Amino acid sequence: MKRILSFIAALVMTAAACCSCGDVNTGTDSAGTSEAEENEEIIIPETESAARRQTYTKAIENGEKPEVSAVHLSCMCDGDISEKVEIRDMYDHVLHSGVVGLVGVPIELTYDESVSDTKIYFLYDADELRSIPPKNLIMLHYNEEDCFYDTVENFVLNEDEHTVSADISEGGVYLLADAYQWYDCWGIDVSEYEYDRCPENYPTDWERECDTGSIMELADKEWAMENAPEFNVSDAAELASVVWYVNGVSEDEVVSVYLDNDIDLTGYDWKPMGWTNGGTKHQFSGIVNGQGHTINGMTINSGYEDTGFIGYGLGAVVQDISFTNADVSATGCTGIAGGQLYMCGEWINVHTQGKVSGGGEDYGAIVGRETDIAFRDCTADVTVDGEPFEYLSYRQKREADVEIVETFNLTMSEDHTVTRDEHEGFYNLGWMIKYNDAEVLHRNAENELSYQYFRNAPGTYTIYLVAYINGTYIRVSNVIEYTI
């Protein structure tokens, strides 16, 4: 707050120099106590109706994104600026909060036609930048017409005042971003913005935004950084360190986890490995190989979706592991080994025992929501909301609940071209191709009467048509199978 008031004082002096008809009202009483310290919005109004330079300030208090502490608008305004200008925190908006490299909260600025000659200031807290050099801060503006963020031209960084400012000609959504992360995601050369990121020295987004349970009481950040991305895990502390790394540090990285011992999690408030928040995804991608070991007593009690040992995963493979005495509860996409997973191929020799509760839909004895996992030699002894549940995933339950009607007839020629007949009334018709019972291709077939898929790899190939029925993809044709 002291820095905010100090910066306002500087703006007031500037405003006073620009105005020839009286002083700007700073809201300070004769005792020297600033009324602004007790208000979220600090307003410096003009008392006369003529257009004068005024400053409107919005203090930002957001524990999840505390890098920006205030936003100021300096402008020429006729009348009371508080009636002309509005600054809103847009961090709850999925589109804007998901900007790559976002620093602090995005804000939406609106003002009426009587406001002119506007300049916006972001006041940042240097202690909250989490290794990002101040020189990397850039200002972006959301282009409504192109639905894209543009870099604001001629923005100015003042490291002494901790501000990033720019003359602007319109309202809309503005934010600060890390140039290294933002430009890198668009394939732009970022060599001038490179810096050493040290996530073990500051709280990650996951630590700021989520309930971390017992994880951060156990996690050894330095151990995680030294061993990533391939972990050999022997106890609960090392497993918690992996969860921290995946949730807080890993970005589109393939991670390998190998259990070297049985691990007992009894008494800990465990949390999923892999999570999402709006447009941001910190998924688990890689392999969990239990090497025949068991995780016992895992308890996860969450008030959100994507809950299980792996919460949200892409390309996650699990094998040779058992979970015993597990207790997992959530609002949806809930399972003991996984919550919501896609493009995962085969899971081999995975066994679960315990209970799942409060799952809404998309719950399962091993995985909640999945579209393509081939479970091989997997078993489960699990209750859902107190009732025995025989399905390893919710997809299996849906498939069992929907009657398979082989409406389409498939034939295959000698060159392995598969041809179908025509029928109407099916949504998202697609070719399903499996190799050794694992999905290798799901291709749209709505405008294709034939398709050729042939590989030389020895094994069994299965081809059929699927359509989206009652929330899942159901087989709607006969099955063609051949072996090479």
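Computed from the coordinates by the stated procedures, all read-outs in this text should not be read as laboratory data. These numbers were taken from a predicted model, which means no experiment stands behind them. Here the Cβ positions follow ideal geometry from the backbone for every residue, glycine too, while neighbour counts run over all protein chains shown.
Within straight-line reach of LYS119, meaning a Cα separation under 24 Å, sit the following lysines at least 8 residues removed in sequence or on another chain: LYS2, LYS58, LYS65, LYS84, LYS135. Each of SER165, SER241, SER256 was scored by other Cβ atoms within 10 Å of its Cβ. Listed from fewest to most, they are SER256, SER165, SER241. How much net charge surrounds PHE408 when only other residues with a Cβ under 9 Å from its Cβ are counted (Lys, Arg +1; Asp, Glu -1)? Value of the local net charge: -2.
Please report the spacing between the Cα centers of region 136-170 and region 48-121 in Å, no decimals. Using only Cα atoms, the two centres lie 12 Å from each other. Less than 18 Å apart at the alpha-carbon level, and either on another chain or at least 8 residues along: which lysines does that give for LYS397? The qualifying lysines are LYS355.
Taking square-rooted eigenvalues a ≥ b ≥ c of the alpha carbon gyration tensor, is region 410-483 rounded, prolate or oblate, where a/c under 1.5 means rounded and, failing that, a/b exceeding b/c means prolate? In terms of gyration-tensor shape, oblate. Between region 224-282 and region 418-484, the C-alpha centres lie 36 angstrom from each other. Scanning the chain for trypsin sites (Lys or Arg not before Pro) lying in DSSP loops with no more than 16 further Cβ atoms inside 10 Å, the longest uninterrupted stretch between such sites is 198-454. Take the Cβ atoms of ASP125 and SER357, set R0 to 56 Å, and the FRET efficiency comes out at 0.85. Only loop residues by DSSP count here, and only those with at most 13 other Cβ atoms within 10 Å; note down the chymotrypsin sites (Phe, Trp or Tyr not before Pro) in region 427-484 that meet that. Filter output for region 427-484: TYR427, PHE454. The local environment of THR299, defined by Cβ-Cβ distances under 9 Å, has a net charge of -2 under the rule Lys, Arg +1 and Asp, Glu -1. The fewest-to-most ranking of SER302, SER82, SER322 by surrounding Cβ atoms within 10 Å reads SER82, SER322, SER302.
For the chain, what relative contact order do you get, as a whole percent, if you take Cα pairs closer than 8 Å and at least 6 residues apart?
Contact order relative to length: 7 percent.
Shape annotation for the chain: C-alpha extents along the principal axes are 90, 55, 46 Å, from largest to smallest.
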